[in-house]
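Worksheet: the structure to be examined is printed underneath.
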Amino acid sequence: MPVKPELVQKYIKRVSKDGFELDFVPKRYRTAEVCLKAVENEGCALMFVPKHICTQELCEVAIRNNINAAEFVPKKILTVDFAIKILLEIEHAFNKLPDKLRSIPAFKKAQRYLDEEYTFTL
């Protein structure tokens, strides 16, 4: 069944006001555009984004909006390189991560790498 453009616009408005409303958007209307607006409003709305729409860029937007959204990043995207990029972009990101996210191997390895890379001797 094709999606109706007017309903897509309705859902974009809805999730732009409250990203968690994505949970109530019918699955066929969870387009890339609707999901992007949801995570721009609330990063943790990433938990409602269909896997086939979940891209690295979308995950980055979500995490920049709310560091706790890292919990919902698919394993295939959450690589050490991705974690390094996030930790470099967000000041004190590792310290802002909840304990359970700090234990994710990608974040632990990324933090170790950054600690070694940016340790300067005088």
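So the values come out like this:
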quantity	calculated
Cut-off 13 Å, label 7 Å out along Cα→Cβ of THR31, residues of segment 6-20 by amide N	6-13
The chain: relative contact order as a whole-number percent, Cα under 8 Å and 6+ apart	17
Value of Rg to Rh for the chain (Rh from inverse mean 1/r over Cα pairs, i.e. Kirkwood)	1.08
Selection of trypsin sites (Lys or Arg not before Pro), segment 16-93, meeting DSSP coil and at most 11 other Cβ within 10 Å	LYS51, LYS75, LYS76
Theoretical gain in end-to-end length, LYS100 to LEU114 [0.36 nm per residue, Cα-Cα removed]	3.1 nm
Overall form of segment 1-54 per C-alpha gyration tensor (a/c, 1.5; a/b vs b/c)	oblate
Cut-off of 10 Å, at most 11 other beta carbons, DSSP loop: longest stretch of the chain lacking such chymotrypsin sites (Phe, Trp or Tyr not before Pro)	1-117
Sites matching GluC sites (Glu not before Pro) across segment 1-107 that sit in DSSP coil, with at most 13 neighbouring C-beta atoms within 10 Å	GLU91
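Read-outs: derived from the displayed coordinates by stated rules, not from any lab. Because the structure is predicted, anything quoted here is derived from the model rather than measured. No Cβ is skipped: glycine too gets one built from the backbone with ideal geometry, and neighbour counts run over all protein chains shown.
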